[in-house]
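Colleague: For reference, the structure I am asking about is given below.
The values are calculated or read from the model by the stated rules, or taken from the named source; none is laboratory data. Since we're looking at a predicted model, the values are computed, not measured. Methodologically, a virtual Cβ is constructed for each residue, glycine included, from the backbone with ideal geometry; neighbour enumeration extends over all protein chains shown.
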Amino acid sequence: MNSYSLIERFEHFLSESLPRVQSFHPHFDKALREMVDVGGKRFRPLLLLSVVEVEAPLLVDNALHVALGLEIMHTYSLIHDDLPCMDDAPLRRGHPTLHVSYDETTAVLIGDALNTHAFHLIAHAPLDASVRIELVSILARDAGVYGMVLGQAIDCFFEDKKLDLEQLRFLHVHKTAKLIAASLAMGAVIAGLDKTIREHLYAFGITLGLLFQVQDDIIDATLSSEEAGKPTMNDGHKNSFVTLLGLEGAIQQKTALLDTLDAALEQLDASLAFRLGHIIETYFKR
């Protein structure tokens, strides 16, 4: 199955499985699904499902529950990242952000709800209990205080305070790369891959996550808001690879990260290396 078919399969599952909550609140139920349902790259679910599809294809249907939990966790982070107290962004995925469509309280609570619902989905996935526990542990680690939340705290605190390259990498390893690395590691856990391969995939994911961030910084500097589906030319106060290194320096970083990933692919079995290499080529053309 190619990457596009896998995403189509995921999108169908997502549309059938998003939470629906009946109450007399005028818009909670709609808002709960809105930012998940408006689209996105689905990059993290694709990574997880690709590992499973290559290594244990009979488990793809089971893994869809976990992939949705991962995408919902990512969407919560975007909702909170866009809040007035953080980036104060009016647009995400080409759609008005929740605090613009409704109010800030709704946006905060929907983010909270999606965060916890991600773990609900994984806890009830049709997988062995030991696998579910390990998946919950990985996601809690890399989306929480040891990963994404720490990265976001550093990102917000150090606005208008220039970091050096090592600090910048630390920021984005935590804010962006660890959840991408977790996607690959979680796929490996579902597929029953051994510890050595899981660790290699996690390290691969950290490099891939840094590449994802560098490209995002380049997009912010070179595309319009309409083209990107979110506000651009917006990183002037942020510590980004473009603000630190300039556009050419960021492009050089992207090339170096692609070269590192090419070398790392050689350590994987041919089928998985081909699939991940295709994803890299699709999302990060040189």
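Colleague: Quick one: which residue in GLU71, GLU55 is surrounded by 20 or more Cβ atoms within 10 Å (Cβ to Cβ), within 25 Å of VAL131 (Cα to Cα) and touching a residue at least 24 places away in the same chain (Cβ under 8 Å)?
Modeller: The unique qualifying residue is GLU71.
Colleague: Further question on the same structure: Which residue pairs have Cβ atoms closer than 7 Å, lie 6 or more positions apart in sequence or on different chains, and pair a first residue in segment 106-123 that is small (Gly, Ala, Ser) with a second residue that is surrounded by fewer than 19 Cβ atoms within 10 Å (Cβ to Cβ) and assigned to a helix (DSSP H, G or I)?
Modeller: ALA123/VAL136
Matching residues to (1) of a type in the set (Val, Ile, Thr); (2) part of a loop (DSSP other than H, G, I, E, B); (3) out of contact with any helix residue (DSSP H, G or I) (no Cβ under 9 Å at 6 or more places or on another chain); (4) farther than 23 Å from ASP269 by Cα:
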| site | (1), (2), (3), (4) |
| --- | --- |
| ARG33 | no, no, yes, yes |
| ARG44 | no, no, no, no |
| LEU48 | no, no, no, no |
| VAL52 | yes, no, no, no |
| VAL60 | yes, no, no, no |
| ALA67 | no, no, no, no |
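Colleague: Pairs only if they're at least six apart or on different chains, beta carbon under 6 angstrom, first in segment 174-200 and closer than 19 Å to ALA129 by Cβ and in contact (Cβ under 8 Å) with a residue 24 or more places away in the chain, second among the small types (Gly, Ala, Ser) and assigned to a helix (DSSP H, G or I); list them, first residue then second.
Modeller: Final answer for the pair search is ILE190/ALA63.
Colleague: A further question on this structure: Report yes if ALA188 is among the aliphatic types (A, V, I, L, M) and within 16 Å of the chain's Cα centre (by Cα), otherwise no.
Modeller: no
Colleague: On to the next question. Looking at (1) modelled with pLDDT of 95 or more; (2) surrounded by fewer than 17 Cβ atoms within 10 Å (Cβ to Cβ); (3) under 24 Å from ILE180 (Cβ atoms), which is the one condition that is false for ASN2?
Modeller: In the conditions (1) modelled with pLDDT of 95 or more; (2) surrounded by fewer than 17 Cβ atoms within 10 Å (Cβ to Cβ); (3) under 24 Å from ILE180 (Cβ atoms), ASN2 misses (1) alone.
Colleague: Do we have ASP216 as of a type in the set (D, E, K, R) and closer than 17 Å to LEU261 by Cβ here?
Modeller: yes
Colleague: Would you tally the residues in segment 266-276 being over 13 Å from VAL51 (Cβ atoms), assigned to a helix (DSSP H, G or I) and either under 22 Å from the mean Cα position of the chain (by Cα) or among the acidic types (Asp, Glu) (or both)?
Modeller: 0
Colleague: If GLY39 satisfies every condition in (1) within 26 Å of THR282 (Cβ to Cβ); (2) modelled with pLDDT of 95 or more but one, which is the exception?
Modeller: (2)
Colleague: Still on this structure, I have one more. Is it true that some residue in segment 5-24 is surrounded by 20 or more Cβ atoms within 10 Å (Cβ to Cβ), touching a residue at least 40 places away in the same chain (Cβ under 8 Å) and within 30 Å of PHE157 (Cβ to Cβ)?
Modeller: No - not one qualifying residue is present in segment 5-24.
Colleague: How many of the residues making up segment 190-206 are β-branched (Val, Ile, Thr) and either farther than 16 Å from LEU48 by Cα or surrounded by 22 or more Cβ atoms within 10 Å (Cβ to Cβ) (or both)?
Modeller: 2
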